[in-house]
Amino acid sequence: MLRHPAFFSRGGNRAQLLIPPVDPLHLPLSTLLPQSSLDVLGPLGQPYLLSAGARRLLLLAFAEPVAPIVAISHWAERQGVATAVIIGGEQWQPLVSLLPESAECGVAGLNSSALEQALLWADQVVASLPPALFGALAALTSRLRLRLAPGFVKVIVARDYLCGLGACGSCALPVPGQHLLSCRDGPLFDLRELL
């Protein structure tokens with residue numbers, strides 16, 4: 001059986017898991033009581049690093065997993081980085097209460113003037129959105145900023161995995177000419193790599 005990724009939405013001395021309400025694979029986690037024991041494998045992949053000189057971070061929550069968006073917003077606040085969060089619909093509204101108070105937050109679609117303004121404002125973008133929208137976000141970014149610069153847009157790609165070490169290949173991404181593994185190379189990928 002493949003392992004299913006679950007992301008921490010807060011770290012520190014006490015961990016916080018944000019469990020997607022519609023994910024049947026996470027249902028057993030939602031029944032745990034405080035102080036329960038849990039067997040986990042992690043952390044997996046690479047840490048999130050802000051590009052050199054970036055001071056304005058745009059976070060897009062359009063699909064699961066949204067926990068990394070929450071975690072990155074808190075990390076950015078600790079780094080003194082201005083953060084704006086755009087949620088892709090009213091179903092993500094409960095997410096707002098988990099964000100730091102310093103984060104600007106709004107609801108907007110992929111084809112909205114609010115998103116366009118935010119893309120022009122940002123020094124870097126991290127997005128959680130369905131793979132079917134990768135091309136649309138790349139095209140919008142290229143149109144507004146005249147190109148899709150390397151590392152400007154990072155996307156969160158969560159794939160089920162077997163080993164968690166990059167040895168089995170069960171979490172390989174379908175990218176021609178590259179051997180990218182979600183558990184080893186991710187969960188954040190440069191959008192340019194995935195097109």
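Going residue by residue through the range 39-54, is there one that turns out to be modelled with pLDDT of 90 or more and in contact with a Ser or Thr (Cβ under 9 Å, 6 or more places away or on another chain)? Checking the range 39-54: not a single residue is modelled with pLDDT of 90 or more and in contact with a Ser or Thr (Cβ under 9 Å, 6 or more places away or on another chain). Pairs meeting the criteria (first residue in the range 28-41 and more than 15 Å from GLN16 (Cβ to Cβ), second residue not small (Gly, Ala, Ser), beta carbons under 8 Å, at least 6 apart or on different chains) are LEU41/ARG3.
Looking across LEU95, LEU18, LEU50, one residue alone is more than 26 Å from LEU140 (Cβ to Cβ) and of a type in the set (A, V, I, L, M). It is LEU18.
For the range 143-195, which positions are under 14 Å from PHE7 (Cβ atoms), surrounded by fewer than 16 Cβ atoms within 10 Å (Cβ to Cβ) and of a type in the set (Gly, Ala, Ser)? Result: no residue meets the conditions. Quick check on the range 132-142. Is at least one of its residues touching a strand residue (DSSP E or B) at 6+ places or on another chain (Cβ under 7 Å) and within 20 Å of PHE8 (Cα to Cα)? So far as the range 132-142 goes, no, none of its residues is touching a strand residue (DSSP E or B) at 6+ places or on another chain (Cβ under 7 Å) and within 20 Å of PHE8 (Cα to Cα).
Considering GLY53, GLY42, the condition of being over 14 Å from the mean Cα position of the chain (by Cα), surrounded by 12 or more Cβ atoms within 10 Å (Cβ to Cβ) and in a loop (DSSP other than H, G, I, E, B) is satisfied by GLY42 alone.
Of the set (1) among the small types (Gly, Ala, Ser); (2) more than 23 Å from ALA122 (Cα to Cα); (3) modelled with pLDDT of 75 or more, all apply to ALA15 but (3).
The values are calculated or read from the model by the stated rules, or taken from the named source; none is laboratory data. These figures come from a predicted structure and were not determined experimentally. Heads up, the Cβs are rebuilt from the backbone with ideal geometry, glycines too, and the neighbour counts pull from every protein chain shown.
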